[in-house]
Amino acid sequence: MKPLCVFVFLGTLWAAPNRAPLQAGAFQPLALTSVMPKGWLLEQLRIQAGGLSGHIDEFWPDLGANSAWLGGGGEGWERGPYFLDGLVPLAYLTKDPVLIAKVRKWMDWALDHQQADGWLGPVKNTDWWPNYVMLKALTQFQEATGDARVIPAMERYFAYQAKHLDERPLKEWAIFRWHDEVLSVLWLYNRNGDRGLLDLARKLHQQGHDWEAQFADFKTREKVTRQQANLATHGVNNAMALKAAAVWWLVTGDKGDRASLYQMFEALDRYHGQPNGIFSADEHYAGRDPSQGTELCAVVEAMFSLEQDLAILGDPVFGDRLEKIAYNALPATLSADLWAHQYDQQANQVMCSISNHRWATNGPESNIFGLEPNFGCCTANMHQGWPKLAANLWMGTADGGFAAVAYGPSEVTSGGVTIEERTDYPFRESVTLLVNPAKPGTFPLVLRIPAWAAGATVALNGQAQDGVQPGEFFRVARTWKSGDRVELRFPMAVRTSTWYNNSVAVERGPLVYSLKIGEVWHQVKQTGPATDWEVYPTTP
Ligand SMILES: [Zn+2]
């Protein structure tokens, strides 16, 4: 009798790879909860859950029980969806039952109150834009829970939109953020194969702002004046658009779209770049002077864009940039207990005070730490930063492998394989990967070697590997068995770079150093459990 041959698949299981005629993309983000935080990163998410993210709905009216996104008469625009876009991954990555119950309350309302014609969310909202964000929250929720209501609800909503876009075209914010909805349209297309969705994506693109044209001939090379400021010079719009050309390349396969993305990064760096990896925009383009600011929404949106760019184009340069923003600009603008944030942070920041700063358009409160300094958008939107970083540290490769696109303590599980990443990165130079397949299996590990890591080494079960190059992905393909161990070392030499007015930034690995200035925090306002603070220097 012929023995049965049983194939056991081992490697990353993609929930839904890009379906033809879409471009395949370099990597595939793994379904939410495939990558779980560990070590200091899990601790950071727990602090976040204990801070504003886990409590803001208990006292901030715009996210309270009266939100129109919960059926009340209150705020019914972007704030509910912004909050959910971060609360969903935070809840499922911390497995916090209280936060999961909160997520369910919001999701149940949205999914159980869809209109008969397909409209989602509050009836009083007539703007397409907030729904872009709600769709991002819904796709994450579906990945984490498999909730059977999500895909049919999205199908009904997109059918409604396709029917009404001509008579009620995109306006204002929706024009400049079209790519954020196209991501969700493609997410659904990859699951149901409905080609009509690609027509909807083309219509969104056609009604949307042409970011590629803006950066083919980039004119805004200095801080804008109030008169010059418009939605094309707006910082958060630009941060969201840092994925527009890549997302559109998935649809067109046109090399020009890929090139355009690099053109955008290059122009923003050249005219508005800051040492912490982000560009200035307070809240419009503000030039290279490090006393100009960057809005927190732009920081978390740039991170989300970079996570998409990594998946789509697979260029390690986006991983370097993601870490630089995540490990510098993001923590710099949040209090350590994650109860207060700034609207605008500055690379060169000596005082956080209610006073006349030189912002392009923002108000006098913009760089104090608090609940909603200047404006409450960041109060609702900031929650996505840390959890989405954790969820995107690992991605799948087209040949069933795992790509480490950014580093942090974590564990990835997919297709019968678990890889534990033990590290104190970015505070230490070493990363240990413990590979644990259910049965021996063949798949590649694709490891990002940061461009700054001269002398980086990779050792497999104690054997040094040849051909490790900074600024590239290093690939180890073999038959893996339980107990295999990969050790990475990224030497973090101190280096300097020159910036505005011959100023110098000091960097080590992914970290940008700051001068320790003595500080005193002055309470200026109390709102429920949240305090607003000015911060004054006590040393030169
Ligand atoms: Zn904001």
Notebook entry, point to check: Picking from Ala326, Ala380, which residue would you name as being within 13 Å of the ligand (Cβ to nearest atom), small (Gly, Ala, Ser) and touching a helix residue (DSSP H, G or I) at 6+ places or on another chain (Cβ under 6 Å)?
Noted result: Ala380
Notebook entry, point to check: Mind checking which pairs have a first residue in segment 109-132 that is among the basic types (Lys, Arg) and a second that is outside any loop (DSSP other than H, G, I, E, B) and modelled with pLDDT under 95, Cβ under 6 Å, 6 or more apart or different chains?
Noted result: none
Notebook entry, point to check: So Ser291 clears everything in (1) within 15 Å of the ligand (Cβ to nearest atom); (2) of a type in the set (S, T, N, Q); (3) closer than 21 Å to Asn502 by Cβ except one condition, right? Which one?
Noted result: (1)
Next item on the list: Looking at (1) modelled with pLDDT of 95 or more; (2) surrounded by 23 or more Cβ atoms within 10 Å (Cβ to Cβ); (3) of a type outside the set (Phe, Trp, Tyr); (4) part of a loop (DSSP other than H, G, I, E, B), find the lone condition where Pro89 falls short.
Entry: (4)
Check: If you go through segment 257-276 one residue at a time, do you hit one that is assigned to a loop (DSSP other than H, G, I, E, B) and either under 18 Å from the mean Cα position of the chain (by Cα) or within 16 Å of the ligand (Cβ to nearest atom) (or both)?
Finding: yes
Check: Would a scan of segment 426-442 turn up a residue that is surrounded by fewer than 19 Cβ atoms within 10 Å (Cβ to Cβ), outside any strand (DSSP E or B) and either within 16 Å of the ligand (Cβ to nearest atom) or among the small types (Gly, Ala, Ser) (or both)?
Finding: yes
Margin query: Just the residues that are within 16 Å of the ligand (Cβ to nearest atom) and either modelled with pLDDT under 95 or touching a Ser or Thr at 6+ places or on another chain (Cβ under 8 Å) (or both), please, taken from segment 383-395.
Written below: His383
Next item on the list: Please list, ordered by first then second residue, the pairs with beta carbon atoms under 8 Å, 6 or more apart or interchain, first in segment 381-406 and touching a residue at least 40 places away in the same chain (Cβ under 8 Å) and surrounded by 24 or more Cβ atoms within 10 Å (Cβ to Cβ), second assigned to a loop (DSSP other than H, G, I, E, B) and among the basic types (Lys, Arg).
Entry: none
Notebook entry, point to check: Does segment 36-53 contain any residue that is crowded, with 21+ Cβ neighbours inside 10 Å and without any contact (Cβ under 8 Å) to a residue 40 or more places away in the chain?
Noted result: no
Notebook entry, point to check: Out of all the residues in segment 204-256, which are in contact with a Ser or Thr (Cβ under 9 Å, 6 or more places away or on another chain), assigned to a helix (DSSP H, G or I), of a type in the set (A, V, I, L, M) and within 16 Å of the ligand (Cβ to nearest atom)?
Noted result: Ala239, Met240, Ala241
Check: Is one or more of the residues making up segment 347-364 touching a Ser or Thr at 6+ places or on another chain (Cβ under 7 Å) and either within 16 Å of the ligand (Cβ to nearest atom) or of a type in the set (Asp, Glu) (or both)?
Finding: yes
Margin query: Can you confirm whether Phe369 is modelled with pLDDT of 95 or more, crowded, with 24+ Cβ neighbours inside 10 Å and in contact with a strand residue (DSSP E or B) (Cβ under 6 Å, 6 or more places away or on another chain)?
Written below: no
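The values are calculated or read from the model by the stated rules, or taken from the named source; none is laboratory data. Quick caveat: nothing in here was measured; it's all calculated off a predicted structure. Every residue, glycine as well, gets a Cβ built from its backbone with ideal geometry; the counts of neighbours run over all protein chains shown.
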